[in-house]
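Undergrad: Starting off with a structure, shown below.
The values are calculated or read from the model by the stated rules, or taken from the named source; none is laboratory data. None of the values given here were measured: they were computed from a predicted structure. Using ideal geometry, Cβ is built from the backbone for each residue, glycine included, and neighbour counts are taken over all protein chains shown.
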Amino acid sequence: TGWIAGWLSFCLSVRLLASYVSVTFLFVSFMPVNLSSHKLPSRMNGDFTNMAVHIDHKVEASFNMVNEKEKDKNLIGTKMATKVSQQVSSRSKLEALFSHPLYNLPRPHLLEDDWLLKLKPKQSDSEEDAYDRANWTRSAETHPAWLRYHLGISRWELYDRKDPSVAEVTQQMATQRILSAVQKSGGTQLKLIMSFPNYGQALLKPMRQERDAETDFNLFYFSDFERHNAEIAAFHLDRVLGFCRIPPVVGRLINVTTEIRAITTDHKLSRTFFTSPVGNLCFHGQCEYYCSTENPVCGRPQVLEVSLASMLPDLSLAPRRSWRSPWRRSYSRTKLAPWEKNPDYCDTVKQTPPYSQGTRLVDLIDMVILDFLMSNMDRHHYETFEKFGNDTFLLHLDNGRAFGRHSVDEPSILVPLRQCCRIRRSTLMRLRLLSLPGFRLSDVMRESLSQDPLESVAPLLSVQHLAVLDRRLKTILQAVHTCLEHHDDVIHDDLQGYDVNLYRH
């Protein structure tokens, strides 16, 4: 009897131990992983090599076209091939998007004059303090990332999404030591030019208000702070739309003392530093608006969130032309612009160079679509590289006043599309793709933004700002459907000569 009691006691102990181990294992298995907060955009090209994505291009997904003419159905391809919602890894809609044929169209053949810059071999023995020794040759391996990015600018795009130098540029802007900080002249609000050891430079815009703060409804569109997170989100949105016309932008936390005040050679800027009543280090610089002690930029107490945008090639090397937008607002509290008073205003624009020929009008419509999605009302001018004349893409610069409101949309931004009823076929098809559940615009934007270092602090766009992208996308598609019901010449077919079966069922 004693032996049996001992054996039962031993069995009970083993069972209890096994239960403890099992519970402990489950607890450890479901503990949150402590991820590094220093996220770097090392996968900006969307090529996640360890993920297998399979898209069955023979499975149809309806775009739910409303009253579209049959010939337009044949032209546009109303049924796009995809099986993403069933087969694509839920971890990466962004990768699936960038794997789609619409984001991998054949690239036009480039002639020598289609490249913005040519490298002139030059060796420098300069050994300026703290700067890397420059010894650049024709070999790309000797070039810093920003120079390779500049050398990749062509007539048709600012950068190739698959170019690894773009990811390197953002990574370096987020991590390299800052050697110099001076205020950029011109403009209405405070901006700094930051220099790095490899001679690269970036345009800094500081955090002025909380991410979730909506623009006061009583303010005019020209009376609001610029947002650092808007510049970052605009770069990602431009890339998700397939435009690639905004220079690389990345977020960063900087120390106001060591990375601005202690290294600046700008005496006017240095005189504007002060300590706030709660001990935060602040400065305001000198500019047209919001540069005063009443509107300072402040660290917490010295740490400041900023956006850093890669600088374009110097104007002495690559001059740019500034164009006044035909749909520029009046910037008056009482006057209306011509396009606000004349519903047929686009008929005049279509007869005016450079909109009377080439792709300039649909280039501008692309920019309008970008601006409507992010609610940017401040597009008074745009720029192009002079070298390429009128036959080139538009630069989508200066997006700091975007993402100001999520509770309402601004229909006036979409007026050029409604008045002109013209749109690129490739743009329209990508918009329709982004309206599908498997590629939902808000989802791919959330995933793209998650690669930015500041996402470890807080989401760059609030849930409301992300959700509104889907609502605004539907508005754009409905505007195109309305155009197709009343006009024949709506689609600018930039896919002629390509195998359109790749983009249909």
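Undergrad: Pairs, please: C-beta under 8 Å, at least 6 apart or cross-chain, first residue over 25 Å from GLN451 (Cα atoms) and in region 166-194, second among the polar types (S, T, N, Q) and outside any strand (DSSP E or B)?
TA: Qualifying pairs under 8 Å: SER180/THR264; SER180/THR265; ALA181/THR264; VAL182/THR264; VAL182/THR265; GLN183/GLN286.
Undergrad: I'm trying to understand the selection: among the residues of region 278-300, which are of a type in the set (Gly, Ala, Ser) and out of contact with any helix residue (DSSP H, G or I) (no Cβ under 8 Å at 6 or more places or on another chain)?
TA: GLY279, SER292 - these are the residues of region 278-300 that are of a type in the set (Gly, Ala, Ser) and out of contact with any helix residue (DSSP H, G or I) (no Cβ under 8 Å at 6 or more places or on another chain).
Undergrad: Continuing with this model, one more query. Check SER448, SER462, SER435 and return the single one that is in the same structural domain as TYR103 (by TED's automatic domain parsing) and crowded, with 22+ Cβ neighbours inside 10 Å. Walk me through it before giving the result.
TA: On the way: SER462 fails: crowded, with 22+ Cβ neighbours inside 10 Å; SER435 fails: crowded, with 22+ Cβ neighbours inside 10 Å.
Residue meeting the stated conditions: SER448.
Undergrad: Can you tell me which residue among VAL278, VAL297, VAL303 is out of contact with any strand residue (DSSP E or B) (no Cβ under 7 Å at 6 or more places or on another chain) and β-branched (Val, Ile, Thr)?
TA: VAL278
Undergrad: Which one of these is closer than 26 Å to ARG471 by Cβ and either assigned to a loop (DSSP other than H, G, I, E, B) or of a type in the set (A, V, I, L, M, F, W, C) (or both): LEU336, LEU373?
TA: LEU373
Undergrad: Scan region 269-277 and tell me whether some residue there is more than 30 Å from ARG161 (Cβ to Cβ), assigned to a strand (DSSP E or B), without any contact (Cβ under 8 Å) to a residue 60 or more places away in the chain and not β-branched (Val, Ile, Thr).
TA: yes
Undergrad: Another question, then. Output the strands (runs of 3 or more DSSP E) that fall wholly within region 171-224 and possess 2 or more residues being over 18 Å from LYS268 (Cα atoms) and at pLDDT 80 or above, or say none.
TA: Because the criterion is at least 2 residues that are over 18 Å from LYS268 (Cα atoms) and at pLDDT 80 or above, the strands (runs of 3 or more DSSP E) in region 171-224 that meet it are 201-206.
Undergrad: Let me ask something else. Scan region 327-341 and give yes if some residue there is closer than 30 Å to LYS118 by Cβ and out of contact with any Ser or Thr (no Cβ under 8 Å at 6 or more places or on another chain), otherwise no.
TA: Checked against the condition, which is being closer than 30 Å to LYS118 by Cβ and out of contact with any Ser or Thr (no Cβ under 8 Å at 6 or more places or on another chain), region 327-341 yields no hits at all.
Undergrad: Something else now. Restricting to region 347-370, and then to whatever is in contact (Cβ under 8 Å) with a residue 12 or more places away in the chain, assigned to a helix (DSSP H, G or I) and not β-branched (Val, Ile, Thr), can you tell me which residue is nearest to ASP224 (Cα to Cα)?
TA: Looking at the filtered set, the residue picked out is LEU370.
Undergrad: Also, I was wondering about something else. For region 390-473, which fully contained helices (runs of 4 or more DSSP H) count at least 2 residues that are under 23 Å from GLN209 (Cβ atoms) and at pLDDT 95 or above?
TA: Here the list reads 441-449.
Undergrad: Further question on the same structure: All but one of (1) at pLDDT 95 or above; (2) out of contact with any Ser or Thr (no Cβ under 8 Å at 6 or more places or on another chain) hold for THR384; state the number of the condition that does not hold.
TA: So THR384 meets the others, but not (2).
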